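The values are calculated or read from the model by the stated rules, or taken from the named source; none is laboratory data. As the structure is a computational prediction, the values presented were derived from the model and not from experiment. FYI the Cβ positions are ideal-geometry reconstructions off the backbone, even for glycines, and counts take in every protein chain you see. Side chains are part of the model used for accessible areas, which takes the heavy atoms of the whole protein and leaves out ligands, DNA and RNA. Shrake-Rupley method; radii C 1.70, N 1.55, O 1.52, S 1.80 Å.
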Amino acid sequence: MNMLEIRNLHARIDNQEILKGIDLAIPAGEVHAIMGPNGSGKSTLAHVLARRESYEVAEGQVLFQGKDLLAMKPEEAACEGLFMAFQYPVEVAGISNAYFLRAALNAQRKYRGEDPLDAIDFLPILKAKMELLEMDERFQGRSVNEGFSGGEKKRNEIVQMAVLEPRLAVLDETDSGLDIDALKIVARGVNAMRSPDRSIVLITHYQRLLDYIVPDYVHVLANGRIIRSGGPELALELENKGYGWIAPALAGAQ
Amino acid sequence: MTTSNTIQDIASQEYKWGFITEVDEDRIPKGLNEDTIRLISTKKNEPGFMLDWRLKAYRHWASLERAHAEPTWAHIKHPPIDYQGITYYSAPKQKPNRKSLDEVDPEVLEAYSKLGISLNEQKRLAGVAVDAVFDSVSVATTFKAKLAEKGVIFCSFSEAVQKHPDLVKKYLGSVVPYSDNFFAALNAAVFSDGSFAYVPKGVRCPMELSTYFRINAADTGQFERTLIVVEEGGYASYLEGCTAPKRDENQLHAAVVELIALDNAQIKYSTVQNWYPGDKEGNGGIYNFVTKRGKCLGNNSKISWTQVETGSAITWKYPSVILMGDNSVGEFYSVALTNNYQQADTGTKMIHMGKNTKSTIIAKGISAGHGQNTYRGQVKIMKGATGARNYTQCDSLLIGDQCGAHTFPYIEVRNGSARMEHEASTSKIGEDQIFYLRQRGLSAEEAVSMIINGFCKQVFRELPMEFAVEAQKLLSVSLEGSVG
Ligand SMILES: Nc1ncnc2c1ncn2[C@@H]1O[C@H](COP(=O)(O)OP(=O)(O)OP(=O)(O)O)[C@@H](O)[C@H]1O
Ligand SMILES: [Mg+2]
C-alpha cells in the first residue's frame with residue numbers, strides 16, 4: 001500500500017498559487033528525495049502535508065495511509081504518524097526539550113489509546129535517541145531550540161523524529177547548516193529509522209546528503225510541479241548540470 | 001481556522017467559579033458615613049482604639065472624596081464608583097461563638113467545597129492551614145491548634161483584635177498608614193475582616209498559611225485587611241486565593257496587606273487572584289484596588305511577593321517592599337493576564353533604605369482579546385542605601401492584535417554606589433510557534449498553554465507546588481478562546 005498518495009495538489013499562500021498540480025505516490029518503506037530550485041515550492045509542499053492552516057489547498061487529494069490527510073488538523077496528522085523536520089525549527093522559551101517531547105509523545109500515545117509515559121519511563125528513551133544523534137545530555141534540560149546553533153537545531157529535529165517514531169517523515173533541508181561530522185551522524189540516525197513500514201521524504205539541495213542516505217527515488221520540483229522523477233543517479237546528474245537541462249526556463253534559477 | 005481564532009477560542013472559556021450561594025446574610029444598609037463606621041465597629045465589638053483609627057481614616061477618605069482626589073494616574077478606565085451605592089458589611093448569619101465547623105452554615109461550607117477548598121481538617125492536605133473569608137467575615141480557620149503548639153498565631157483579623165489587641169495596635173497601619181492612598185483610607189475605615197498571622201522568634205512556621213477570599217453577596221464591597229508579622233529568625237509562607245460570582249454590576253474589592261519582617265526573618269507571600277473578570281463584552285467583574293506592602297524592618301530580612309493575576313475587570317495593585325534593614329532582600333514575581341476587556345495596572349515598588357539591600361523584579365504581562373496590561377514599577381534608592389542593587393525584568397506577551405501592553409518604570413537613585421539593571425521585551429505568540437507544537441501532536445490549546453507556561457516559568461517556579469499547578473490551569477482556562 002502507498003504510505004502517501006498526492007493527486008493533482010494545488011495550494012496557495014496569500015492567494016498566490018505555489019503548488020500547481022503535484023502528483024506523487026510514496027510506497028511504504030521507501031525513501032524519496034525532493035530537489036528543486038529555491039522558491040519552487042518544496043517547503044510549501046511539506047507544510048501543506050503537515051496541515052499548516054495558512055496554506056490553502058485549492059484542489060486535489062492526499063491520502064496518508066489510505067486516510068484523507070487534507071481533512072486532518074496538524075495535530076491529527078501528527079498523531080496519525082506524520083512528522084515534519086522543519087527547515088527553520090522554532091524556539092519555545094521556558095519549556096525544556098525533555099518536557100516538550102514527553103508531552104508530544106504522550107499526546108500521540110493518547111490518540112492511539114495508549115497510557116502516558118511518566119518521566120521515569122520516558123527519560124531512558126530520550127537518552128538513547130540523544131546518544132544515537134550524539135547530542136549532549138544537557139540539551140534535555142535546555143529550552144526547546146532556544147540558543148541552539150543552526151546545526152544543533154537540525155539535529156534536535158532528528159532526535160524528536162527518533163522519539164516520536166513516525167510512519168512518514170518529511171525532512172525539510174535537514175542537511176543545511178550541518179557540518180560534515182554532524183551530517184554523517186544525522187544520516188546514521190535517519191538510516192537507523194528506515195524500515196518497511198516507514199517512509200521518508202528528504203527535501204535537499206545537495207547530493208552530499210544522498211551519499212549517506214541513498215534514496216529509492218529522486219523527484220525534481222520546479223515552479224510548483226514535479227517535472228522529473230528518477231533513481232539516485234538523477235541527483236548526481238543535477239549536481240553536475242544544475243536544473244537548466246531539464247527545464248531550460250529555469251536555467252537562471254539555481 | 002486562523003491562529004488568532006484558535007487563541008480566541010482558548011481564551012473565551014466560561015468563568016467556572018461564578019455560582020451564587022444562597023445564605024442568610026446580615027447586611028447593613030447601603031451607604032457610607034460616620035454611623036456606618038460606628039456600626040461596623042460595634043458589630044465587631046471592637047476596642048476603642050480601633051474605632052478611633054477607623055474614624056480618622058474615614059475623615060481622611062471623606063476629605064479626599066470631597067476633593068475628588070480619587071487616583072487617576074493609573075492606565076485604567078472605569079465609570080465613577082458610587083460609594084454610597086455599596087453595602088459595606090455583609091456576613092453570613094452565624095452563632096457568635098462557633099466552637100467547630102459544625103456550626104458554620106452548611107451552604108457556606110458547600111460553597112468552599114465547590115471551590116475545591118475543604119475546611120475540614122481531616123480532609124485537608126496536611127501542609128496548609130486555611131482562613132476562609134466569605135464576604136465581610138472570616139467563617140473558619142483551620143489548624144489553629146496545631147499552629148499554636150509552635151506559638152504561631154493564625155486567625156481572622158476580628159479574632160486578633162479581640163485576643164491580641166497589643167499586637168494589632170503595635171503593627172496595624174505601620175506599613176500602610178490609613179493616609180497612604182484613597183483606597184487604603186477607605187479600607188481602613190470600613191474593613192470588616194481578613195487574616196492575621198504572627199510567627200514568634202526563631203520559629204519556622206510548620207505549614208503554609210492561606211486565606212481564601214470569596215465575595216458572594218450582591219452590591220457588596222469586600223474590604224479585608226491582612227497583617228503578617230514574623231519575628232527575628234522566623235519564616236512564614238502565605239497563600240491567598242480569591243473568586244467571586246458572576247454578576248452584571250461591578251463590585252469593589254479594596255484590600256490592604258501589611259507584612260513585617262524583623263531581623264533574619266523571611267516572608268513569602270503568594271497570590272492567585274481570580275476574581276470574576278466580567279463577561280466577554282466587559283460587563284460586570286470586580287474592581288480590585290489593593291495596597292500590599294511589606295517592610296523589611298530587620299537586618300538580613302527578606303520579603304518575597306509572587307502573584308498570578310488572572311481575574312478582575314480592573315486590577316490596580318503594586319505589592320511593594322520597603323528595605324529598611326541592612327542586607328535585606330525584596331522580591332516581586334508577577335504574572336498578570338488580561339483578556340476580553342480586562343485592565344490591569346500592576347507592578348511594584350522597591351524602596352531601598354538600608355545598606356547592601358537587594359531587590360529583584362520579574363514581571364510578566366500577558367494580554368489577549370482587548371485586554372490592557374500595564375506594568376508600573378518604582379525603584380527608589382535612598383541616600384543611605386550604599387551598595388543597593390536592583391534587577392528588573394519586564395516581559396510582555398501579546399495574543400492577537402487588539403490588546404495592549406504598556407511599561408512605566410520609574411527609577412530614582414540618590415546614592416551613586418547603586419547598581420541597577422533593567423531588561424524589557426515584548427513578544428507575540430506566533431502562529432509558527434503554535435504550528436510547531438501542533439505538528440508534534442499537541443492540540444492548539446495545549447500548544448498555547450505550553451508557550452504561556454514557558455513564558456511564565458520564572459514566576460511559576462516561585463510558587464508553592466500545589467499553587468503552581470493551580471496557576472497553570474487557571475491561565476489556560478482564563479485564556480480559553482483567545483488563541484488564533
Ligand atoms: N507567506 C507567503 N506569502 C507569499 N509568498 C510566499 C509565502 N510563503 C512562501 N511564499 C512563496 O512561495 C514560494 C515557495 O516557497 P517555498 O518555501 O515552498 O520554497 P522552497 O522550494 O522550499 O525554497 P528553498 O529551497 O529556498 O527552501 C516562494 O516563492 C515564496 O516566496
Ligand atoms: Mg524550503
Percent RCO, i.e. relative contact order, over chain A, from Cα pairs under 8 Å lying at least 6 residues apart:
27
Just to check I understand the Karplus step: with θ = phi - 60° and J = 6.51 cos²θ - 1.76 cosθ + 1.60, what whole-Hz values come out for segment B:147-156, glycine and proline as x?
5, 4, 3, 8, x, 7, 9, 9, 7, 5
With each pseudo-label sitting 7 Å past Cα toward Cβ, what's the residue A:121-residue A:8 distance in nm, one decimal?
4.6
Residue B:406's amide H: which non-local residues (gap 5+, or another chain) put their own amide H closer than 5 Å, with H modeled 1.01 Å from N in plane and none for Pro or chain starts?
B:373, B:374, B:375
Percent of beta bridges antiparallel (DSSP, chain A, rounded to nearest 5)
60
From the cross-link list B:268/B:349; B:317/B:428; B:44/B:163, the entries with a Cα-Cα span beyond 23 Å are B:317/B:428
For a label point 7 Å along the Cα-to-beta-carbon line of residue A:181, residues of segment A:128-157 with backbone N under 18 Å
A:130-139, A:149-156
Multiply the residue gap between residue B:34 and residue B:69 by 0.36 nm, knock off their C-alpha separation, and tell me the result in nm, one decimal place.
10.7 nm
If you take each beta carbon of peptide A:92-99 and count the beta carbons of other chains within 10 angstrom, what is the mean?
5
Using alpha-carbon coordinates, inclination of helix A:180-192 to the longest axis of chain A, degrees:
80
Amide H contacts under 5 Å for residue B:315, placed H, 5+ residues apart
B:288, B:343, B:344, B:345
Expected sort for B:70-83, A:63-76, A:193-206 on mean C-beta neighbours within 10 Å, highest first, is A:193-206, A:63-76, B:70-83
How large is ³J(HN,Hα), in whole Hz, for each residue of segment B:293-308 in order, when computed from phi with the Karplus curve 6.51 cos²θ - 1.76 cosθ + 1.60 and θ = phi - 60°, using x for Gly and Pro?
8, x, 10, 7, 6, x, 5, 6, 8, 8, 10, 10, 9, 10, 9, 10
Using R₀ = 45 Å, calculate the FRET efficiency as 1/(1 + (r/R₀)^6) where r is the Cβ-Cβ separation of residue B:461 and residue B:55; round to 0.05.
0.50
Full extension between residue A:73 and residue A:206 adds, at 0.36 nm per residue less the Cα distance, a length in nm of 44.7 nm
Using a 7 Å offset from the Cα along the Cα-to-Cβ direction at both residue B:174 and residue B:427, what is the distance between the two label points in nm, to one decimal?
4.4
Multiply the residue separation of residue A:54 and residue A:216 by 0.36 nm, subtract the distance between their alpha-carbon atoms, and state the gained length in nm to one decimal.
55.2 nm
Can you list residues whose amide H is under 5 Å from residue B:271's amide H, if they're 5+ apart or on another chain and H is modeled 1.01 Å from N?
B:240, B:306, B:307, B:308
Using a Förster distance of 60 angstrom, determine the FRET efficiency expected from the C-beta separation of residue A:109 and residue B:414, and round it to 0.05.
0.50
Taking Cα atoms, how many degrees apart are the long axis of helix A:119-132 and the longest axis of chain A, rounded to 10 and kept between 0 and 90?
50
Round to the nearest 10 and give me the degree value, 0 to 90, for the angle of helix A:232-241's Cα axis relative to the longest principal axis of chain A.
60
Per the 1/(1 + (r/R0)^6) rule, R0 = 41 Å and r from the Cβ atoms of residue B:201 and residue B:78, FRET efficiency to 0.05 is 0.35
Under the Karplus curve 6.51 cos²θ - 1.76 cosθ + 1.60, θ = phi - 60°, whole-Hz ³J(HN,Hα) for segment B:353-363, x wherever Gly or Pro sits
10, x, 6, 6, 7, 9, 9, 10, 10, 10, 10
Among rounded, prolate and oblate, which fits segment A:57-121 when a ≥ b ≥ c are the square roots of the eigenvalues of its C-alpha gyration tensor, a/c under 1.5 means rounded, and a/b larger than b/c means prolate?
oblate
Going down the list B:30/B:144; B:169/B:292; B:201/B:302; B:302/B:383; A:67/A:154, which pairs span over 24 Å between their C-alpha atoms?
B:30/B:144; A:67/A:154
First compute the accessible area of segment B:279-379 with a 1.4 Å probe, then give the percent of it belonging to carbon and sulfur atoms.
44
For segment A:170-222, rounded, prolate or oblate, judged on the Cα gyration tensor with a ≥ b ≥ c (square roots of eigenvalues), a/c < 1.5 rounded, else prolate if a/b > b/c?
oblate
